[in-house]
Amino acid sequence: MEHLLAYIDAGSGSLIIQALIASIVAIPILLRGQIARGVSGVRRLAGRNNAPPTDEAGHRG
Amino acid sequence: MSTHRSDIVERDPGSYRDPSGYVFRRDGVLYRSIDGSYIEEWQAFLDSGLHDRLVEHGWLIPFEPAPLDLAADRASIAVLRPEPVEFVSYPYEWTFGQLKDAALVTLDVHRAALDEGFILKDATAYNVQFRSGRPILIDSLSFERAREGAPWVAYRQFCEQFLAPLALMAYRDIRFGTWLREFLEGIPLDLASGLLPRRTMLRLGLLTHVHLHARAQRRYAARPTGAGQGEQSGPRISASRQAALIESLRSAVAKLDWEPAGTEWADYADRTSYGDVATRSKEELVARFVAEIGGRRVWDLGANTGRYSRIAASLGRSVVAFDIDPAAAERHYRALAAEGRGDILPLVIDLANPSPDLGWAHAERRSLAGRANADALLALALIHHLVIGRNVPMSFLSSYLAQLGPDLVIEFVPKTDPMVQLLLASRRDVFPDYSLAGFRAAFARRWEILEEAPVEGSARVLLRLSRRS
């Protein structure tokens with residue numbers, strides 16, 4: 001259902017360039033997110049490897 | 001039975017663009033009517049909980065539902081009574097930091113709306129006001145449900161109303177802030193792009209949202225996208241890219257900075273001719289006069305960084321602190337923000353050229369005098385700047401101040417004062433009437449002098465006056 005009530009002139013050029021800019025600026029943001037996820041994964045892995053040994057019940061000794 | 005009394009309603013002359021509703025006053029009380037065409041969007045907005053969350057966050061002005069029979073016309077399906085804003089200010093009166101904070105809150109509101117499946121359908125700076133020291137969105141009808149893949153319809157408006165002026169102020173000259181008075185719809189991007197230094201093209205945010213944006217506007221000016229009619233054939237943007245766009249805009253705004261120093265009056269408080277005795281004496285007199293006047297609202301005209309505004313605020317007054325100097329007002333704003341104070345609103349105003357009535361039919365944005373609501377005026381260390389610095393006759397000053405408020409605390413600074421000597425250093429003294437006697441004569445028609453007190457340790461005099469009825 002159509003419910004667009006915007007009343008201002010968005011401007012053709014603004015709409016077109018917006019789509020292009022959104023694609024461009026999404027790349028570093030996407031990459032940053034991927035890198036952050038990768039780093040946190042590595043940290044988690046490293047933390048698990050360095051953790052003190054646990055007994056059978058999982059309690060740290 | 002409900003009665004529609006449209007004949008006694010005073011519709012806000014600046015509230016006409018959005019068909020979703022408008023602002024009006026009845027018996028001096030501010031209301032917002034909602035048009036029937038907006039009902040589905042409004043209900044969806046309320047049902048989503050977004051409204052409550054934005055209000056809770058302090059980003060959107062709260063409202064009380066009002067009886068429908070207060071509506072100004074039969075097309076209205078609801079009436080709201082928004083909480084009032086103490087003093088309505090305009091973007092061309094804001095400091096750099098105020099415009100920047102208003103831009104950021106606009107983006108934060110839009111981002112929060114996107115998360116709930118809504119958008120801000122407009123991004124005008126006039127939808128933001130300062131309340132308790134913080135920017136707040138005042139238009140509850142600025143939301144509509146997001147359409148999947150649709151670009152942000154208010155992107156251009158945001159760039160023109162916020163990003164372009166902020167960039168010009170930061171990179172070219174702080175005085176570009178006053179251009180918003182000329183360009184009420186925002187600074188055209190082609191103009192901003194042409195004026196910004198070339199090095200701003202090295203900043204991704206400004207390169208894309210101002211420079212490339214301006215070129216795209218030129219190139220595609222006559223190409224229909226179908227977006228205005230809600231067609232699905234226009235440019236498409238996924239939700240994640242929408243979010244990235246907002247984050248990019250936010251980053252571009254956040255990185256803009258301006259150091260408030262080096263202007264004429266920014267360091268005035270540090271360079272003033274007062275000694276400790278005079279400063280203490282003046283503070284005591286101001287406090288006593290303000291207390292004697294009473295009332296709730298004080299306008300501090302020529303407030304600089306707000307030393308005396310704070311004295312009035314400490315007496316429980318709500319203060320609007322005007323100064324011509326964007327650096328002094330910015331320092332004032334930053335200091336208040338750092339202290340978390342909301343009882344003083346600093347603004348940039350040139351009293352020799354105050355904000356006029358502007359916009360459609362000269363009524364959309366009101367003049368400074370048209371918004372006068374002060375119980376008391378402070379005009380401290382101001383008179384010599386207007387009378388000698390700007391050649392304003394004292395009788396003119398008397399008349400204008402009488403338009404702004406009913407009670408006045410004014411400091412007379414004699415010609416022997418070092419600051420007046422400074423003003424006269426490079427010009428002929430064409431002010432034979434500039435004396436305390438001349439002041440009394442010029443102000444006598446409009447004002448009754450209730451008390452005169454010397455500022456100890458100086459040749460200055462503080463006067464308390466009441467406007468003649």
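Annotations
- Against the criterion of being assigned to a helix (DSSP H, G or I) and of a type in the set (A, V, I, L, M), B:L351 does not qualify.
- Filtering the range B:63-96 to residues that are more than 18 Å from the chain's Cα centre (by Cα), surrounded by fewer than 16 Cβ atoms within 10 Å (Cβ to Cβ) and part of a loop (DSSP other than H, G, I, E, B) leaves B:P67, B:D73, B:R74, B:A75.
- Any hit, the range B:146-160, residues being crowded, with 17+ Cβ neighbours inside 10 Å, farther than 27 Å from A:P28 by Cβ and more than 9 Å from chain A (Cβ to nearest Cβ): no
- Complete set of residues in the range B:295-347 that are touching a Pro at 6+ places or on another chain (Cβ under 7 Å) and aromatic (F, W, Y): B:Y333
- Cβ separations smaller than 9 Å between residues 6+ apart or across chains give the following pairs from the range B:174-185 residues that are surrounded by fewer than 16 Cβ atoms within 10 Å (Cβ to Cβ) to residues that are assigned to a helix (DSSP H, G or I): B:R175/B:M169; B:R175/B:P326; B:E182/B:Y92; B:E185/B:Q157; B:E185/B:E160; B:E185/B:Q161.
- When B:G230 is tested against the conditions (1) at pLDDT 95 or above; (2) at the interface with another protein chain (Cβ under 9 Å from one of its Cβ atoms); (3) more than 13 Å from B:W152 (Cβ to Cβ), the lone failure is (1).
- Here B:E116 fits the description: under 11 Å from B:L54 (Cβ atoms), more than 12 Å from chain A (Cβ to nearest Cβ), touching a Leu at 6+ places or on another chain (Cβ under 7 Å) and of a type in the set (D, E).
- Residues satisfying the stated conditions in the range B:290-316, i.e. under 20 Å from B:E451 (Cα atoms) and in a helix (DSSP H, G or I): B:V290, B:A291, B:E292, B:I293, B:Y308, B:I311, B:A312
- Test: residue in the range B:174-196 that is within 7 Å of another protein chain (Cβ to nearest Cβ), touching a strand residue (DSSP E or B) at 6+ places or on another chain (Cβ under 8 Å) and at pLDDT 95 or above: no
- The range B:428-454, residues that are part of a strand (DSSP E or B), aliphatic (A, V, I, L, M) and in contact with a helix residue (DSSP H, G or I) (Cβ under 8 Å, 6 or more places away or on another chain): B:I449, B:A453
- Candidates B:G149, B:G133: the one that is on the phi > 0 side of the Ramachandran plot and more than 16 Å from the chain's Cα centre (by Cα) is B:G149.
The values are calculated or read from the model by the stated rules, or taken from the named source; none is laboratory data. Nothing here was measured: the structure is a model prediction, and the numbers come from that model. Using ideal geometry, Cβ is built from the backbone for each residue, glycine included, and neighbour counts are taken over all protein chains shown.
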